Amino acid sequence: MKTVDIIERIEGEAHLKLDWKDGIVSNSQIKFLNFRGFEYILEGKPALDALVYTPRICGICGQAHLLAAVNALENIYENANIKLEVTQKAKLLRELGLAIEIIDSHIKWFYMFIMPDIVSLSSSDYSQYNPLKGSKWLRANHKAGEVLKALAIIGGQWPHTSYMVPGGVMSDPTLIDIATIENYIDQTIMYYEDNIIGESLDNYLSFNSVSSIDNLKADLGDFSKISFENNLNNIGRSYDRHLVISDMLGFKSGKLKHINTSKININKIKEFDEYTFNAKAKKQQAKKYTWAKTVKYDNDFYETGPLSRALVNNRKFIKAIHKEFKDSAYTRVMARMDELGFLLNKCKKIIRSINISEDSFIKPEIKLKDIESATAYGSVEAARGALLHTVEIQNGKIKKYDVTTPTVWNLGPGDDVTPGVAQKAINGSTTTKEAKIILRSFDVCSVCTTH
Amino acid sequence: MRTKPKVLWLQAVTCNGNTHSLLCANPNRLELFFNSFDLIYHPSLTTNSNLLDVINSKIKIDYLLIEGAITSNTKFFSIHNHSVKDLLAQLVLQSKFIISVGSCASYGGIHKKFELNKDISGVKKSIDKKVLQKLKHAVINLTGCPVHPEWILQTMFILKAQGKISLDEENRPIEIYSTLAHHGCTRNEYFEWKVESKTFGTKEGCLFYDQGCRGPMTKSSCNKILWNEVNSKTRAGVPCIGCTETDFPRENMLETKKHIGIPFETPLGISKRAYLSITGVAKTFRIDRLRTKLIPDE
């Protein structure tokens, strides 16, 4: 038997095709059928215009794309041996913007994309989580909007600002701005404490054993309770191999495959298109079923995202949960919400380290326009995981642009022998609902996956 | 109890940025919106209905909001295995007001630049001409990449109260798009006296002369009502890229095209002669206050 379900309430749309054998999913395909051609759009454009185009790849993680583009363009200077100075202040203001956007994304994902499915598993009354009207849904959206104000102070607006630029940032915040940003972060911490973990952030950050799950009261307590009632701690396991490609926001790059290693070689990342539609083909080969590419590190599939970051970086509470429940759907969701606390704490540290008397921007000695040719890359840890932009420029114009998104790592098709990360996690499911929740646990963003 | 007007949100070729912009609206205003209208379907938000059921039920939709560009090309884009152009055609027949939310829905926006797809356009251009003529209210375009949440709410509440809204030549609500992005910019005095921002990353100076700012030729209320209720790009130091105008995206958006040291394009409706005369006069004065830092270094 085969079934196809259309998945909504993600960023965009996906089709989940399941092959069933004796009531168990024997094989799965995640199909992303929409393609906007950003890499094609960027060809021939002036290099700096990438700062306007790339954030528009995704309405929820545009700043991650902006930073990846800026890192790639700055890497051009580096590869061409041209001096480029970026102050610590500018670097911190970029990281702060990225952190705030991830915080917004994690809050919205939990309340808008995950919890509606989770509470539907329970017969108890969880109407507070109802979309558009439920008090918890409304409060989550309100608080996500509040923290974004902090980003608007340095970026002018959200979504879709281009405030980061090779050489620094475009804005020059005052002490009042910095204090106001800290106020918004503090308000978000209060919200996290009162509504998500039901515990002070300081206490929460000291959690280091699986028994601490019992201390979770508020909404993460609801999530845990329903998860254990429905076995979410035992479903959704994949390869349990994890990859972090950037050092930023307190995350360190590294990989976990049996053992934790900190060495990452970007050149070992390879994309394949065996199952991926060809944009220029008139008729697609029968094998091809999605616009998502396949990506591997050193010829292996790796998961990326908050769970991977927590494990590679030895965050104690998630390590303990993972030790007990491995890379289950439950662990994945917990890692994402744990990262929210980690990042709120990190934001406080970033804010305190900003020295406003430093320059926001130092003009590069040479314009990108005047660089004959270069190839470069920029990487970022985005809300959903490892993001990589690779750019080739010629006479100041973009010759080739390649974007490898976190969701390609997690949701892209496997190869002839082995399934991709999410496919592997979904295979073995006993109901469609279960398969859907596992898929959601990866934080599906179809607009990013296919771009 | 009177039934609330029904709203359906269709996502076409998009980044979902307009959805996220709407969610950033003032929370009290957004709650009022949810209480005043019945959002029967939004692919990212609602849980109790799916798009094909809504279409098959032939239910009357009061407000059809479309986010994203329209294409008939199912190789690159489909929803529930249908082309979005076909779905739009169905929904238009069921709907009273049709509102393009954002630049992509209004005229194709950024996605029009994807040349492998030969059929990408805005909502109005995608609707059959005969159907278009029969509409009780012209298609409303809310340009912007993304649209400001208030532009959606203001339009919806005016339509709910008045049943109609006056539009400009681009089918945009006149009141919202009557002013320029420039109006209300805190850097206006620098513009008046032709004091440029020497580089990015300064609180001082106007971004029109070097950084490519399109504020003086872009219709929007960005600096009048502010973004996320706290700021605007130009106030922060980020040039306006003119995303509410139909020539967006242009080339070299982060620098000013110049001719003998003067911006090649002059502010909207100001002749080159008038602009050059005023510039010449303004530049003969050296106003020290405008050439020193707003907040002195300690």
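Distance from the Cα centre of region A:301-331 to that of region A:135-198, in angstrom? Using only Cα atoms to place each centre, the spacing works out to 27 Å.
For region B:204-238, a decrease in accessible area of 30 Å² or greater in the assembled protein chains relative to the isolated chain, with a 1.4 Å probe, applies to B:W227, B:N228, B:V230, B:N231, B:K233, B:A236, B:V238.
Between B:K283 and B:K58, residue separation times 0.36 nm minus the direct Cα-Cα distance comes to 74.6 nm. Close amide H pairs (under 5 Å, H built 1.01 Å from N) link B:L167 with B:I174, residues at least 5 positions away or on another chain. Distance distribution note for chain A: the fraction of Cα pairs above 32 angstrom is 36%. Bridges between two residues of region B:14-152, per DSSP, are antiparallel at a rate of about 20%.
Within chain A, the longest run free of trypsin sites (Lys or Arg not before Pro) that sit in a DSSP loop with at most 10 other Cβ atoms within 10 Å is A:84-262. Each of A:M1 and A:E85 was given a label point 7 Å from its Cα along the Cα-to-Cβ line. The distance between the two points is 6.9 nm.
Would you calculate a helix-derived [θ] at 222 nm for chain B, using -39,500 (n - 2.57) for each DSSP H run of n ≥ 4 and dividing by the full residue count, to the nearest 500?
Computed mean residue ellipticity for chain B: -7500 deg cm²/dmol.
Across peptide A:144-155, the average count of Cβ atoms from other chains found within 10 Å of a residue's Cβ is 5.
The alpha-carbon atoms of region A:18-165, seen along their principal axes, cover 62, 41, 23 angstrom, with the largest extent given first.
Using R₀ = 30 Å, calculate the FRET efficiency as 1/(1 + (r/R₀)^6) where r is the Cβ-Cβ separation of A:I356 and B:N188; round to 0.05. Present the calculation step by step, with values, prior to reporting the outcome.
On the way: r = 24 Å, r/R0 = 0.80.
For R0 = 30 Å, the calculated efficiency reads 0.80.
Rounded to the nearest 500, the 222 nm mean residue ellipticity of chain A from helices alone is -12000 deg cm²/dmol, with -39,500 (n - 2.57) taken per DSSP H run of at least 4 residues. Over region A:371-451, the reciprocal of the mean inverse Cα-Cα separation, the Kirkwood hydrodynamic radius, stands at 14.6 Å.
If you roll a 1.4 Å probe over the heavy atoms of the protein chains, what accessible area per residue do you get for the protein assembly as shown, in Å²?
Working: 28600 Å² over 749 residues.
For the protein assembly as shown, the per-residue accessible area is 38 Å².
For a Förster distance of 56 Å, can you work out the FRET efficiency between the beta-carbons of A:D415 and A:T174, rounded to the nearest 0.05? Taking R0 as 56 Å, the efficiency between A:D415 and A:T174 is 0.60. Between region A:111-129 and region A:349-395, the C-alpha centres lie 41 angstrom from each other. Counting partner chain Cβ atoms within 10 Å of every residue's Cβ in B:252-258, what's the average? Per residue, the average neighbour count from other chains is 4. By the Cβ distance rule of under 4.7 Å, chain B has these cysteines without a partner: B:C15, B:C24, B:C104, B:C185, B:C206, B:C213, B:C222, B:C240. Here each label is just a point 7 Å from Cα along the line to Cβ, and for B:T179 and B:L132 those points are 3.2 nm apart.
Taking amide H positions as modeled 1.01 Å from N, with prolines and chain starts lacking one, the residues under 5 Å from B:I79 and 5 or more places away or on another chain are B:V84.
For region A:186-201, 3J(HN,Hα) computed residue by residue from phi via the Karplus equation (6.51, -1.76, 1.60; θ = phi - 60°) reads 4, 4, 5, 4, 4, 4, 4, 5, 6, 10, 9, 9, x, 6, 6, 4 Hz, glycine and proline entered as x.
The trypsin sites (Lys or Arg not before Pro) of region B:226-280 meeting both criteria, a DSSP state outside H, G, I, E and B (loop) and at most 11 other C-beta atoms within 10 angstrom of the site's C-beta, are B:K257. Under the convention that each Lys and Arg Cβ holds +1 and each Asp and Glu Cβ holds -1, the size of the dipole of region A:1-90 around its Cα centre is about 100 debye. Under a 5 Å amide H cut-off, with hydrogens placed 1.01 Å from N, A:I7 pairs with A:A14, A:H15, A:L16 among residues at least 5 apart or on other chains. In whole Hz, what ³J(HN,Hα) sequence does region B:110-123 give by Karplus (6.51, -1.76, 1.60; θ = phi - 60°), x for Gly and Pro? Running phi through 6.51 cos²θ - 1.76 cosθ + 1.60 with θ = phi - 60° gives 5, 6, 5, 7, 7, 6, 5, 9, 7, 10, 10, 7, x, 4 Hz.
Quick check: Cα centre of region A:1-43 to Cα centre of region B:71-99, how many Å? Rounded to whole Å, the Cα centres lie 20 Å apart.
Counting only Cβ charges, +1 for Lys and Arg and -1 for Asp and Glu, the dipole size of region B:172-250 around its Cα centre is about 100 debye. Checking every one of the trypsin sites (Lys or Arg not before Pro) in region B:6-72 against DSSP loop status and a limit of 11 other Cβ atoms within 10 Å picks out B:K58, B:K60. Rolling a 1.4 Å probe over the protein heavy atoms of region B:163-288, with every protein chain left in place, gives an accessible area that is 56 percent carbon and sulfur.
Summing both sides, the accessible surface hidden between B and A at a 1.4 Å probe radius is close to 5700 Å². Computed in the context of the full set of protein chains, the accessible area of region A:306-451 at 1.4 Å probe radius has 46% of its extent on carbon or sulfur.
Mean per-residue shielding of peptide A:52-64 is 5, counting Cβ atoms of other chains within 10 Å of each Cβ.
The values are calculated or read from the model by the stated rules, or taken from the named source; none is laboratory data. Just so it is clear, the structure is predicted and the values come from calculations on it, not from any experiment. Heads up, the Cβs are rebuilt from the backbone with ideal geometry, glycines too, and the neighbour counts pull from every protein chain shown. Each accessible area value is taken on the protein alone, full model and side chains, heavy atoms only, with ligands, DNA and RNA left out. Shrake-Rupley method; radii C 1.70, N 1.55, O 1.52, S 1.80 Å.
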